[in-house]
Amino acid sequence: MSEFSWDSKAVDERERQHPDETETKQPDEPAAAPETLALSANDFSALEERILRAVNMVKRERLARTAVEERAAKAEAQLKEQAPLAEQLQNEVSALRAERDQVRQRVERLLAQLDALEL
């Protein structure tokens with residue numbers, strides 16, 4: 001199993017006594033606090049596997065995000081391209097409805113005139 005201990009009191013005490021030494025400490029100097037890190041081969045392999053899975057997951061998510069962004073850009077481009085056509089069609093539908101109403105009124109007048117003739 002992994003074991004990691006760090007005596008924070010000893011580190012805090014050393015920093016208070018020698019603040020300049022903690023910042024410019026050379027890697028060759030012994031640590032002020034007793035630090036131990038024991039990691040078995042199985043633990044290391046498991047950690048390595050988890051890291052690789054995380055990296056692969058991030059890669060997949062980035063690819064998916066890129067694909068979604070491309071689809072969104074294409075959809076926006078199509079929307080901009082089709083917007084004038086949609087507006088033109090709406091205007092045409094409005095004009096056809098107005099024409100239909102006019103034709104309906106004319107037909108109703110003609111029917112009324114025919115009904116007046118039959119009397």
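Quick note: the coordinates plus some simple rules give every number you see, no bench work behind them. This structure is a prediction, so every number in the text was calculated from the model and none was measured. Cβ atoms come from the backbone with ideal geometry, glycine included; neighbour counts cover every protein chain shown.
Quick notes on this structure:
- Summing charges over all other residues whose Cβ lies under 14 Å from the Cβ of Gln82, with Lys and Arg as +1 and Asp and Glu as -1, gives -1.
- Remark: spin-label model distance Leu79-Asp43 equals 5.2 nm, labels positioned 7 Å along the Cα→Cβ axis.
- For Val103 and Glu61, the difference between the fully extended length at 0.36 nm per residue and the C-alpha to C-alpha distance is 9.2 nm.
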